[in-house]
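The values are calculated or read from the model by the stated rules, or taken from the named source; none is laboratory data. As the structure is a prediction and not an experimental result, all values here were calculated from the model. A quick note on method: Cβ atoms are made from the backbone with ideal geometry, for glycine too, and the neighbour counts reach across all protein chains shown.
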Amino acid sequence: MQDPAAGGRLFLVITTFNRSAYLRGLLDSVALLDPAPAGVVVVDNASTDGTAGVIAEFASELPYPLLHHRLATNVGGAGGFAAGIERALDEGAHWLWLMDDDVVALPDALAAFAPWMERYRCLHGRRWDSSGKPFFWQHQLNEFLGVHLPVRGNVFAASRVFHTNVGCFEGMLLHSSVVRDVGLPDPRFFLNGDDTTYGWLISQRHAVAYVDEFVLQKARPQKQIHLGVRHLNDSSDLGRFCAMRNRGHLARYLQHAGRWNRTGFALGTALTAAKELVRLVAVEHTLSGLGAVWRGWREARGILADKAWLPMPPLAPTANRPARTADRPTGDAAPGPEVPAGNDAPAAP
């Protein structure tokens, strides 16, 4: 696909782990994209099911490259997207559309994105949930609390674009210049909060836009309850552990940017733990995951005390990745334990 603003190659970057059936459904939908992408990178997080066979099957059928980027160990969603973005850039990608393996792309998604790509360099489209209802994704990171909070109401009531300061790897469309500015996603997150933090880092330099265009549908149903403002989905012990542990990494990024407030962040940590408790009781009907919350909180304290911690650096230039420039496109100024199935299984957290 050509960038309507300046011309360029668009690659899909998919991260997968042991969900070959979902991956097949996604690649079936990718084959129907019109216009088509220039290529697809599938990051295989050391899957042990039929993932390799599914990728090989589609690689022989698609009229554009489908690259199987297999990793030796499972590095989670964060590490997988970091590896996939780097591989796509090495293949000459100018745009990168990131997604998990348990969604499907709508056939006209890239055409729907095209007009917005003239104005923005970090985009999110809307998603349907697995039952065909609009999926709630409208948040802002509250820097005082270090928590992303839902935005009430219809954010598209007055405009077809909503500016936010968080990101989502289930559908983020990203220009290569943004990666050169900000660097790759931080693999230390493994999962949970990695995309929120990456979107916040991007928002310090570029506008992050959520546009009124449906481009994806979730294929995997989840248990959830409706809280009025938002839905609360089920999780896993690994997800709970990372939700708490990764607050340490988020705090360090906020500190590095001069935006960290000790009191506010402590309150945000208490609210995060409370949310995980509500999730356990109301959605999963158990308390067995409290140990994972406690372990994550302790590790977050260790990250805060780690004097060797450094943020991810800007991406080093290569032949296909020139050094960043000061030029900005129009509209791009930042506005005022147990291994579960799925893409969130660790080698070791």
Exercise for the section: Search the range 18-52 for residues being more than 18 Å from LEU98 (Cβ to Cβ) and among the acidic types (Asp, Glu), and hand back the single one that is surrounded by the fewest Cβ atoms within 10 Å (Cβ to Cβ). Expected result: ASP34
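Yes or no, residue by residue, for (1) in contact with an Asp or Glu (Cβ under 8 Å, 6 or more places away or on another chain); (2) part of a loop (DSSP other than H, G, I, E, B); (3) hydrophobic (A, V, I, L, M, F, W, C):
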residue: PHE136; (1), (2), (3): no, yes, yes
residue: ASN154; (1), (2), (3): no, yes, no
residue: ALA157; (1), (2), (3): no, yes, yes
residue: VAL178; (1), (2), (3): no, no, yes
Handout entry: Yes/no for LEU201 being among the hydrophobic types (A, V, I, L, M, F, W, C), under 19 Å from LEU96 (Cβ atoms) and in contact with a Pro (Cβ under 9 Å, 6 or more places away or on another chain)
Key = yes
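Give me a count of the residues in the range 91-115 that are part of a helix (DSSP H, G or I), of a type outside the set (Gly, Ala, Ser) and buried (at least 21 other Cβ atoms within 10 Å of the Cβ).
Within the range 91-115, residues that are part of a helix (DSSP H, G or I), of a type outside the set (Gly, Ala, Ser) and buried (at least 21 other Cβ atoms within 10 Å of the Cβ) number 2.
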Exercise for the section: Take the range 53-90 and flag every residue that is surrounded by 15 or more Cβ atoms within 10 Å (Cβ to Cβ) and more than 29 Å from PRO317 (Cα to Cα). Expected result: VAL54, ILE55, PHE58, LEU62
Fill in the blank from the handout: Given the conditions (1) crowded, with 22+ Cβ neighbours inside 10 Å; (2) part of a helix (DSSP H, G or I); (3) at pLDDT 95 or above, every one holds for LEU216 apart from (2)
Problem - Hey, GLY53 more than 26 Å from LEU238 (Cβ to Cβ), in contact with a helix residue (DSSP H, G or I) (Cβ under 8 Å, 6 or more places away or on another chain) and in a helix (DSSP H, G or I) or not - result: yes
